[in-house]
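Just below is one structure, and these are the notes that go with it.
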Amino acid sequence: MIKQGTDKLFSGLGGITAFSLLSFALVWTPVHAEDEASDGSGEDLEEVRQSDLNQLTVEASAAHQAEGELEDCAELKGNDLRLACYDRLAETFKTPVLDEVKRPRNAVDERLASEELLADNSFLMIPHRRNYILPYTYNDKPNELVSSPSREEVRLVEEYQRSEAKYQFSFKFQLLRNIFPEGMTAWAGYTQVGFWQIYNDPQSKPFRAIDHEPELYLRYRTSMNLFGYSSEFVTLGINHHSNGSSKPQSRSWNRVIASFFFNKENFTVGVRPWWRIPEDDEEDDNADIHQFLGYAEFLLAYKQGEQIFDIRLMNNMRGEENKTSVEVSYTFPFPGRLKGYLQYYNGYGETLIDYNHRNQRVGLGVLLTDLY
């Protein structure tokens with residue numbers, strides 16, 4: 001009953017066009033911050049407290065003085081005089097503490113620091129995974145006859161074209177912070193991936209597939225090191241992945257997913273192992289999905305300036321009937337605030353409806369938000 005209601009909900013969400021969703025403005029303003037730590041001794045702690053108190057006293061006095069001078073500036077006649085007065089005040093009362101803030105150690109830590117600050121805004125959705133539009137992709141073998149062990153074979157349309165558009169829309173927001181243990185936060189996220197037969201005039205430009213992936217997870221900041229690679233965080237959560245369709249086209253699975261990422265200079269390596277939550281045989285749309293997608297996802301990324309090259313890999317870990325899926329991505333500078341995005345996919349499960357169908361795709365488009 002719950003599953004049917006969920007599928008209906010995501011089916012309704014799928015009716016929203018890709019470009020309407022992606023036109024939503026995702027604000028991303030990195031702010032760099034790094035905490036300074038004392039050695040923990042009582043004398044040092046008292047000195048820090050006294051220093052903080054003195055700083056607050058100075059700032060309060062300066063603020064009171066600035067308030068009076070702001071009123072003086074406001075009474076000046078002429079725009080040029082007022083502007084010059086305000087500029088002088090801004091330079092005089094410039095807070096020196098901000099000039100001493102250090103940059104994070106790497107790009108991943110920079111993004112985490114930014115997310116923690118952005119999470120204070122209750123009305124702001126933070127980018128989760130990549131957000132992109134690929135106006136043109138080429139699929140060498142579209143899946144027109146879909147099936148699974150528990151569902152009959154179905155022809156979706158008369159004929160799919162190999163050329164289509166692809167998009168991904170992904171955001172998250174923080175639910176709780178500073179929960180036990182210290183450094184742990186709770187998040188909710190949502191990702192939608194769509195494939196649009198925009199060049200298929202004979203079939204009225206249908207959406208071939210739309211996948212929905214809501215999730216709830218805990219994120220814990222760490223300081224682990226492994227072979228010279230530092231880990232900034234680990235996550236553990238529950239993930240629901242569905243295409244929002246009714247039977248016999250329905251495909252879905254629920255997983256408990258962990259993630260571990262390690263960084264060293266320009267390199268990032270990561271692994272996302274998962275455990276599938278069992279379902280009743282009658283309700284299971286794709287009982288053999290693990291035979292194609294396996295039990296984990298592996299990531300290797302390299303960042304050089306504004307360019308990122310990364311590989312995402314899945315394997316079923318079987319000696320016989322071994323199946324591998326790989327996604328290769330390259331992002332590069334583009335005029336304006338966007339970036340260029342080149343993507344290549346070869347394997348199973350690019351969409352849930354294709355979990356047991358191998359295809360090969362290449363696409364080019366624009367990126368709204370990157371990995372980091």
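A search for C-beta distances below 8 Å between a residue of the stretch 235-247 that is closer than 13 Å to Gln192 by Cα and any residue that is part of a loop (DSSP other than H, G, I, E, B) and modelled with pLDDT of 90 or more, counting only pairs 6+ apart in sequence or on different chains, returns Ser242/Ser250; Ser242/Arg251; Asn243/Ser250; Asn243/Arg251; Asn243/Thr351. Of the residues making up the stretch 203-212, none is among the basic types (Lys, Arg) and over 26 Å from Leu364 (Cβ atoms). For the stretch 248-270, a residue qualifies if it is free of Cβ contacts under 8 Å to residues at least 24 places away in the same chain and β-branched (Val, Ile, Thr), and exactly one does: Val256. As for the stretch 149-164, it holds at least one residue that is of a type in the set (Lys, Arg) and under 30 Å from the mean Cα position of the chain (by Cα).
Only one of these is among the aliphatic types (A, V, I, L, M), within 21 Å of the chain's Cα centre (by Cα) and farther than 20 Å from Asn315 by Cβ: Val234, Val256. Name it.
Val234
Only a single criterion out of (1) loosely packed, with under 15 Cβ neighbours inside 10 Å; (2) touching a Phe, Trp or Tyr at 6+ places or on another chain (Cβ under 9 Å); (3) of a type outside the set (Lys, Arg); (4) more than 13 Å from Glu350 (Cβ to Cβ) is not satisfied by Gly305, namely (2). When Glu164, Glu232, Glu153 are checked against the criterion of being in contact with a strand residue (DSSP E or B) (Cβ under 6 Å, 6 or more places away or on another chain) and more than 15 Å from Thr351 (Cα to Cα), Glu153 stands alone in meeting it. Among the residues of the stretch 257-287, those identified as within 13 Å of His240 (Cα to Cα) and touching a strand residue (DSSP E or B) at 6+ places or on another chain (Cβ under 6 Å) are Ile257, Trp274, Trp275, Arg276, Ile277. Scanning the stretch 193-205 finds one or more residues that are in a strand (DSSP E or B) and either β-branched (Val, Ile, Thr) or exposed (fewer than 15 other Cβ atoms within 10 Å of the Cβ) (or both).
The values are calculated or read from the model by the stated rules, or taken from the named source; none is laboratory data. Here the structure is a predicted model, which is why all the values come from computation and not from measurement. Glycine gets a Cβ as well: all are built from the backbone with ideal geometry, and neighbour counts include every protein chain shown.
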